[in-house]
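Student: Attaching a single structure in structure tokens format; questions to follow.
The values are calculated or read from the model by the stated rules, or taken from the named source; none is laboratory data. Bear in mind that the values here come from a model prediction, so they are computed numbers and not experimental data. Virtual Cβ from ideal backbone geometry, glycine too; neighbours counted across all protein chains shown.
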Amino acid sequence: MTGRLVHTGQVVIDLVMRVPALPPVGGDVLASTTVEQPGGGFNVMAAAARAGADVVYTGGHGTGPRGDLARAALAAEGITVALPPTPGADTGLCVVLVDDSGERTFVTGSGAETAVAGALPRAGAGDVVYVSGYSLLVPAKAEQILAISGGALLVDPGPLVAEIDPALWERTLARTSVLSCNAREARLLSGRTDPADAGRALARMLPGDAVVVVRDGAAGCHVVRDGVAEHVPGVPVEAVDTNGAGDAHCGVLAAELLRGADLTGAAMRANAAAALAVTRAGPATAPTRAEVDALLAR
Ligand code: ADP
């Protein structure tokens, strides 16, 4: 493997509280468990690192206890942190309430992870530069990302894609090599309901040699190359927690493309890794490369 995954997103700390039911306005409930864990861009990076990729985090991180937690988690996955900590600021906090049926609400208080300090580290020609839609919501961050000269942009627009400035989104699409999104986002972006159709429509918005991956839950994903859509079937499993499946899929897709796999092969391994991730409860449940090998050899 030659290139690295250069991750331009943000790692925050998730404060996850499990509650019997989400409280109404003015309500007050007791949580049964409270856990602090790395969130935001962390899960994509962890998935890619476990799949064997050399991963660099270029986002900010603070000097307080949450910054320490973020750095320790990144180090434990073998992920390189490119920037020094931002003095006088701590990493942001996302409060996540999860009820017994798995419904979630989120409130993010941003912090040092959004720091936009000078230019991002140069990407080499063989690098994949991961861009999340969340970063594109911060204009200064988006400009910093679009100024990266080397590397192939892998764009994962995320649920807030409709809120990205349209002109900025156009400029991002013009630079995109791989667009990876779920079926709902593909529908939002293309106006087409069928995920394969949506993928083909999205591919027409990108440079001619760019490819599209539309994640489609248990059905797997659809990949579009040269205008042709191919269905890559999912791996049947007993799903326990589908939260974060897309992150596992995207991280492994990037790792496999960096390894030189073709798009279909990369998507097959991404489906297998995401299938394993949904069999496990909790955060950062992406498997190692060996675990994916074992599943595919079954
Ligand atoms: P997102 O999490 O971004 O909404 P999806 O729900 O489509 O994306 O899930 C991402 C990937 O995870 C799918 O493309 C598929 O490979 C895998 N996956 C999701 N749900 C299941 C499931 N129930 N069984 C097997 N694989 C699944």
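Student: Kindly provide the set of residues from region 1-40 that are assigned to a strand (DSSP E or B) and among the small types (Gly, Ala, Ser), ordered by number. Lay out the reasoning, then the answer.
Tutor: The initial filter retains those residues of region 1-40 that are assigned to a strand (DSSP E or B), namely 5-7, 11-19, 33-40.
Residues satisfying the conditions are Gly39, Gly40.
Student: Within the bounds of region 220-227, is there any residue that is out of contact with any helix residue (DSSP H, G or I) (no Cβ under 8 Å at 6 or more places or on another chain), away from the ligand (no atom under 11 Å from the Cβ) and part of a helix (DSSP H, G or I)?
Tutor: Within region 220-227, the subset out of contact with any helix residue (DSSP H, G or I) (no Cβ under 8 Å at 6 or more places or on another chain) is 226.
So of that shortlist, the ones also away from the ligand (no atom under 11 Å from the Cβ) come out as 226.
Those still in the list that are part of a helix (DSSP H, G or I) too: none.
No, that holds for no residue.
Student: Mind checking which residues of region 44-65 are surrounded by fewer than 24 Cβ atoms within 10 Å (Cβ to Cβ) and in a helix (DSSP H, G or I)?
Tutor: Correct list: Ala49, Pro65.
Student: Would you be able to tell me the number of residues in region 19-43 that are crowded, with 22+ Cβ neighbours inside 10 Å and in contact with a helix residue (DSSP H, G or I) (Cβ under 9 Å, 6 or more places away or on another chain)? Spell out how you get there, then give the answer.
Tutor: Pass one, region 19-43, residues crowded, with 22+ Cβ neighbours inside 10 Å: 38-43.
From what is left, the residues that are in contact with a helix residue (DSSP H, G or I) (Cβ under 9 Å, 6 or more places away or on another chain) are 38, 40-43.
Counting residues in region 19-43 that are crowded, with 22+ Cβ neighbours inside 10 Å and in contact with a helix residue (DSSP H, G or I) (Cβ under 9 Å, 6 or more places away or on another chain) gives 5.
Student: Can you spot a residue in region 156-164 that is within 16 Å of the ligand (Cβ to nearest atom), modelled with pLDDT under 95 and in a helix (DSSP H, G or I)?
Tutor: Yes, some residue in region 156-164 is within 16 Å of the ligand (Cβ to nearest atom), modelled with pLDDT under 95 and in a helix (DSSP H, G or I).
Student: Got at least one residue in region 138-147 being of a type in the set (Asp, Glu) and crowded, with 21+ Cβ neighbours inside 10 Å? Give the steps one after another, and end with the answer.
Tutor: Taking region 138-147 and keeping what is of a type in the set (Asp, Glu), we get 143.
Still in the running and crowded, with 21+ Cβ neighbours inside 10 Å: none.
No, that holds for no residue.
Student: Right, here's the next one. Here are Pro207, Pro236: which of them is of a type outside the set (Lys, Arg) and either crowded, with 23+ Cβ neighbours inside 10 Å or near the ligand (Cβ under 8 Å from one of its atoms) (or both)?
Tutor: Numbers: Pro207 fails: either crowded, with 23+ Cβ neighbours inside 10 Å or near the ligand (Cβ under 8 Å from one of its atoms) (or both).
The unique qualifying residue is Pro236.
Student: Among the numbered criteria (1) crowded, with 22+ Cβ neighbours inside 10 Å; (2) more than 15 Å from the chain's Cα centre (by Cα); (3) modelled with pLDDT under 95; (4) of a type outside the set (Ser, Thr, Tyr), which one does Met1 miss?
Tutor: (1)
Student: Can I ask one more? Would you point out which residue out of Arg171, Arg215 is touching a residue at least 12 places away in the same chain (Cβ under 8 Å) and either surrounded by 18 or more Cβ atoms within 10 Å (Cβ to Cβ) or closer than 17 Å to Leu257 by Cβ (or both)?
Tutor: Numbers: Arg171 fails: either surrounded by 18 or more Cβ atoms within 10 Å (Cβ to Cβ) or closer than 17 Å to Leu257 by Cβ (or both).
So the residue among Arg171, Arg215 that is touching a residue at least 12 places away in the same chain (Cβ under 8 Å) and either surrounded by 18 or more Cβ atoms within 10 Å (Cβ to Cβ) or closer than 17 Å to Leu257 by Cβ (or both) is Arg215.
Student: Among the numbered conditions (1) within 9 Å of the ligand (Cβ to nearest atom); (2) more than 21 Å from the chain's Cα centre (by Cα), tell me where Arg200 comes up short.
Tutor: For Arg200, the failing item is (1).
Yes/no matrix, rows are residues, columns are (1) at pLDDT 95 or above; (2) assigned to a strand (DSSP E or B):
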site: Ala229; (1), (2): yes, yes
site: Thr242; (1), (2): no, no
site: Asp247; (1), (2): yes, no
site: Gly265; (1), (2): yes, no
site: Met268; (1), (2): yes, no
site: Ala275; (1), (2): yes, no
site: Pro283; (1), (2): no, no
site: Pro287; (1), (2): yes, no
site: Val292; (1), (2): yes, no
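Student: Something else about it: Check Val107 against each of (1) touching a residue at least 12 places away in the same chain (Cβ under 8 Å); (2) within 16 Å of the ligand (Cβ to nearest atom) and name the one condition it does not meet.
Tutor: Unmet condition: (2).
Student: Can you tell me which residue is nearest to Gly9 (Cα to Cα) among those in region 117-142 that are at pLDDT 90 or above and assigned to a helix (DSSP H, G or I)?
Tutor: Taking region 117-142 as the starting set, the residues that turn out to be at pLDDT 90 or above are 126-137, 142.
Those still in the list that are assigned to a helix (DSSP H, G or I) too: 133-136, 142.
Values: Gly133: 9, Tyr134: 7, Ser135: 6, Leu136: 9, Ala142: 10 Å.
Checked region 117-142; the qualifying residue nearest to Gly9 (Cα to Cα) is Ser135.
Student: May I pose another question? May I ask you to list pairs of residues, at least six apart or on different chains, whose Cβ atoms are under 6 Å apart, with the first in region 286-298 being within 11 Å of Ala51 (Cβ to Cβ) and the second being among the charged types (D, E, K, R) and surrounded by 15 or more Cβ atoms within 10 Å (Cβ to Cβ)?
Tutor: Matching pairs, first to second residue: Ala286/Arg50; Thr288/Arg50; Val292/Arg269.
Student: So the check is Cβ under 8 Å with 6+ separation or different chains; which pairs have a first residue in region 222-245 that's in contact (Cβ under 8 Å) with a residue 40 or more places away in the chain and of a type in the set (Asp, Glu) and a second one that's within 9 Å of the ligand (Cβ to nearest atom) and part of a loop (DSSP other than H, G, I, E, B)?
Tutor: Cβ pairs passing all conditions: Glu238/Thr279.
Student: Looking only at region 85-115, count every residue that is in a loop (DSSP other than H, G, I, E, B), of a type outside the set (Gly, Ala, Ser) and closer than 15 Å to Val11 by Cβ and tell me the total.
Tutor: Total satisfying the criteria: 3.
Student: If Ile145 passes every condition in (1) among the aliphatic types (A, V, I, L, M); (2) in a strand (DSSP E or B); (3) in contact with a Ser or Thr (Cβ under 8 Å, 6 or more places away or on another chain) but one, which one does it miss?
Tutor: (2)
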